[in-house]
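A short write-up of the structure that comes next.
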Amino acid sequence: MIIYKDILSGDEVLSDTFQLKEVEGGVLWECDCRKYLKKTNEEFALEGANPSAEGEDEDAGGEGETKLVYDVEDQFRLVWLKTEEGMKPSKDAFKAHLKAYVKKVNNKLKEKGASEETIKAFQAGAPGAVKKILANYDNYDVLMGASMDGDAMHVLIDYREDGVTPYATVWKHGLEEMKV
């Protein structure tokens with residue numbers, strides 16, 4: 001299996017178990033995801049504990065909460081990007097992030113000795129990819145890697161035209177392969 005790691009943060013972002021499709025001249029990858037219910041907040045009681053004495057028996061016997069998660073979010077421990085107000089960053093703030101991100105990926109490709117052809121393909125396709133992302137920004141859920149490195153790649157999730165199938169968008173050149 002191949003795991004794709006962010007070249008800036010080292011966070012695991014995707015694997016080859018997802019069907020990756022090149023878009024925007026090969027600069028971006030898209031892959032379909034699934035959204036499913038995940039059990040969270042399971043409560044455990046120690047033997048001999050008295051939950052009623054502590055006021056914790058209101059929902060005794062409950063199964064724990066469930067929430068909808070994307071499979072890519074769950075498998076790679078991705079974290080929702082939100083401001084202190086609980087919302088995703090403004091379009092202008094995200095535009096500034098993308099501009100800095102593209103520059104850092106370009107420098108990292110040079111540092112890692114990527115071929116001149118790869119660097120030129122990234123440089124030629126990046127402006128169109130940024131334009132596509134910003135045009136669709138309001139529709140995206142924005143997630144980041146487990147390290148929560150704000151300078152690293154953000155995984156963008158939207159829905160296909162059917163309105164049911166979620167898909168993730170990532171920067172192809174911002175990832176490196178790791179065989180496991």
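The values are calculated or read from the model by the stated rules, or taken from the named source; none is laboratory data. Note that the structure is predicted; figures quoted are calculated from it, not measured. For neighbour counting, all protein chains shown are included, and Cβ atoms are generated from backbone atoms with ideal geometry for every residue, glycine included.
Before we move on, is Asn106 surrounded by 12 or more Cβ atoms within 10 Å (Cβ to Cβ) and at pLDDT 85 or above? Spell out the reasoning first.
On the way: surrounded by 12 or more Cβ atoms within 10 Å (Cβ to Cβ): yes; at pLDDT 85 or above: yes.
In short, yes.
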Problem - Verdict on Leu98 being surrounded by 12 or more Cβ atoms within 10 Å (Cβ to Cβ) and under 13 Å from Ser9 (Cβ atoms) - result: no
Fill in the blank from the handout: Here the qualifying pairs (Cβ atoms under 8 Å; residues six or more apart or on different chains; first in region 9-28 and farther than 23 Å from Lys132 by Cβ and free of Cβ contacts under 8 Å to residues at least 24 places away in the same chain; second of a type outside the set (Lys, Arg) and buried (at least 19 other Cβ atoms within 10 Å of the Cβ)) come out as Asp16/Tyr4
Problem - Selected residue (criterion: surrounded by the most Cβ atoms within 10 Å (Cβ to Cβ)) from residues of region 73-95 that are in a helix (DSSP H, G or I) and modelled with pLDDT under 90 - result: Glu73
Problem - One residue from Gly113, Gly86 being closer than 20 Å to Asp6 by Cβ and not hydrophobic (A, V, I, L, M, F, W, C) - result: Gly113
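From the list Asp32, Asp6, Asp16, which one is over 14 Å from the mean Cα position of the chain (by Cα), at pLDDT 65 or above, surrounded by 11 or more Cβ atoms within 10 Å (Cβ to Cβ) and not β-branched (Val, Ile, Thr)?
On the way: Asp32 fails: over 14 Å from the mean Cα position of the chain (by Cα); Asp6 fails: over 14 Å from the mean Cα position of the chain (by Cα).
Only one candidate passes the filter, namely Asp16.
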Completion exercise
Residue pairs qualifying under the 6 Å Cβ cut-off, at least six apart or on distinct chains, with the first in region 92-112 being touching a residue at least 12 places away in the same chain (Cβ under 8 Å) and the second being part of a helix (DSSP H, G or I) and of a type in the set (Val, Ile, Thr), are Leu98/Val130; Leu109/Ile119
Practice task
Output the number of residues of region 128-180 satisfying the condition of being hydrophobic (A, V, I, L, M, F, W, C) and within 13 Å of the chain's Cα centre (by Cα).
Solution key: 14
Handout entry: Tabulated pairs, region 161-174, first more than 30 Å from Lys104 (Cβ to Cβ), second acidic (Asp, Glu) and surrounded by fewer than 18 Cβ atoms within 10 Å (Cβ to Cβ), C-beta under 9 angstrom, 6+ apart or interchain
Key = Thr165/Asp32
Problem - Answer residue from region 131-160, given it is without any contact (Cβ under 8 Å) to a residue 40 or more places away in the chain and loosely packed, with under 13 Cβ neighbours inside 10 Å and is nearest to Lys99 (Cα to Cα) among those - result: Lys131
